[in-house]
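Visitor: Pasting a structure here, questions to come.
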Amino acid sequence: SVAPRALARLDAAPDQGARVPVDLASLTLETLDTLRPRAAQRDIRIETDLQPARIAGRPDQIGRVFANLLDNALDYTRPGGGIRLSTAVDNGQSVAIVADTGEGISPEDLPHVFDRFYRASRTRSRAEGHAGLGLAICKGIMDAHGGRIDVASKPGRGTAFTLRWPAESGPA
């Protein structure tokens with residue numbers, strides 16, 4: 001499986017490769033384009049509010065964070081639901097938010113969602129193919145990039161992941 005190898009690489013060398021200017025809005029759109037057919041097939045609408053927001057990072061790794069979060073949002077949102085993606089600069093930080101109208105995460109599971117191999121009991125483990133590594137990989141990548149990832153959720157109402165990095169100025 002790809003996920004354990006990705007974690008092993010992060011553990012061995014969390015910051016391999018040169019950092020380059022990355023525009024979160026452009027990277028979000030690129031990642032979203034690969035997942036739009038699946039969203040359409042599942043009758044999940046996607047809304048975007050993408051303002052330019054630059055960071056210094058590895059586009060492949062940051063893209064992996066967006067892909068993992070969007071993949072989860074698609075898996076845990078019921079047909080007819082929605083996903084909202086936004087990027088902006090706020091108080092000197094570049095911010096991206098991936099929010100869904102999915103089933104949410106229970107309060108007892110919420111503190112553990114970034115733990116390796118943690119799978120929420122009952123409802124969230126329904127999605128096939130999840131090994132409990134995707135969010136741990138996201139956290140590892142965010143840590144390696146000097147960023148942070150936070151989650152807020154209400155069972156039955158949805159989940160929002162907020163990503164924050166130091167903002168980078170200049171052309172991307």
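Visitor: Could you tell me the accessible area of Ser153 in Å² (1.4 Å probe, neighbours in place), rounded to the nearest ten?
Guide: Ser153 has an accessible surface of roughly 30 Å² with all protein chains in place.
Visitor: For segment 38-77, rounded, prolate or oblate, judged on the Cα gyration tensor with a ≥ b ≥ c (square roots of eigenvalues), a/c < 1.5 rounded, else prolate if a/b > b/c?
Guide: On the way: a/c = 3.38, a/b = 1.70, b/c = 1.99.
In terms of gyration-tensor shape, oblate.
Visitor: Please work out how much length the chain gains when fully extended from Glu108 to Ala18, using 0.36 nm per residue of separation minus the C-alpha to C-alpha distance, in nm with one decimal.
Guide: Numbers: separation 90, 0.36 × 90 = 32.40 nm, distance 3.87 nm.
Full extension from Glu108 to Ala18 adds 28.5 nm.
Visitor: At 0.36 nm per residue, minus the direct Cα-Cα distance, what do Arg78 and Asp150 gain on full extension? Give it in nm, one decimal, please.
Guide: Working: separation 72, 0.36 × 72 = 25.92 nm, distance 2.27 nm.
That pair, Arg78 and Asp150, stretches by 23.7 nm at full extension.
Visitor: Considering only protein heavy atoms, with the full assembly of protein chains and a 1.4 angstrom probe, order Ile141, Ile97 by accessible area, largest first.
Guide: Working: Ile141 5, Ile97 55 Å².
The residues order as Ile97, Ile141, largest area first.
Visitor: While we're here: Once you charge only the Cβ atoms, +1 for Lys and Arg and -1 for Asp and Glu, what is the size of the charge dipole of segment 35-111 about its Cα centre, to the nearest 20 debye?
Guide: Working: 9 positive and 11 negative charges, 76 e Å.
Dipole magnitude for segment 35-111 comes out near 360 debye.
Visitor: If r is the Cβ-Cβ distance from Arg36 to Asn91 and R0 is 35 Å, what FRET efficiency results, to the nearest 0.05?
Guide: 0.65
The values are calculated or read from the model by the stated rules, or taken from the named source; none is laboratory data. Owing to the predicted nature of the structure, the values given are computational and were not obtained by experimental measurement. Virtual Cβ from ideal backbone geometry, glycine too; neighbours counted across all protein chains shown. Remember, those area values only see protein heavy atoms, side chains included, never the ligands or the DNA or RNA. Shrake-Rupley method; radii C 1.70, N 1.55, O 1.52, S 1.80 Å.
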